[in-house]
Amino acid sequence: MSSKIEQLIDEIEEYIDGCKYKALSNTHIIVNKEEIDELLRELRLKTPDEIKRYQKIISNKEAILNDAREKAENLINEAAAHTTQLVNEHEIMQQAYAQANEVVTLATNQAQEILDSATIEANTMREAAVQYTDDMLANVEQIISRTLDGSTFRYQDLVNDLHACYETVKNNRAELHPPADVLEALEAETESEAPAALDII
């Protein structure tokens, strides 16, 4: 069963495939900005949920290991209890210790096997989840890259015009607010002219 993100990617690809080519071009297409924005908005909303789902799969590794540790501890506890029972019940202490050590060794080996198996299984699940997530993001990256390539060409003239307007506004503001040294020079010039006016009067 495909994920919601895969379905959205399929929808975006179908939409792009259904778009008409620009006149005299085999690479540039005409897209409806609102429709492609809506599809991308849905993709952004779904991506965190899907990634959380894969993170949950990865976190199951810890649960598997905890379960393995619990089973291992139970085996060791049972072995210890059996050891105590053997020591108490057998008349020959050496035989009891030998049997007890054998049980403990067997239980320890089984516990290690469980831990090893659980670790391998958890790592396999994690690698699969990470690979799937990487493939999914690679598809998203490819779609966004194609969209950006098409958009950059169309909007370059607009960006240049906006940049020119920005420079004009910036220069006009600079004229409204001259630097402090220019204001000081104007004030000094005004003050130097004031005494001459008084002398004439």
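All of the numbers you see were taken from the coordinates with simple rules; none came from a lab. Predicted model, so just to flag it, every value in this text is computed and none were measured. Every residue, glycine among them, receives a Cβ derived from its backbone with ideal geometry; neighbour counts consider all protein chains shown.
A full extension of the chain between VAL130 and TYR21 corresponds to an added length of 35.6 nm, given 0.36 nm per residue minus the alpha carbon distance. Extent of the stretch 47-124 along its three principal axes (Cα atoms, max minus min coordinate, largest first): 68, 17, 7 Å. For the chain, relative contact order (Cα pairs under 8 Å, six or more residues apart, normalised by length) works out to 21 percent.
Kirkwood hydrodynamic radius computed over the stretch 4-200 comes to 25.5 Å, based on all pairs of distinct alpha carbons. Modelled spin labels at GLU62 and LEU162, positioned 7 Å past Cα toward Cβ, are 4.4 nm from each other. Between the amide H of ILE29 and those of LYS22, distances stay under 5 Å, these residues lying 5 or more places away or on another chain, with hydrogens modeled in the peptide plane. Assuming R0 = 22 Å, what is the FRET efficiency of HIS82 and SER117, from their Cβ-Cβ distance, to the nearest 0.05? It comes to 0.40.
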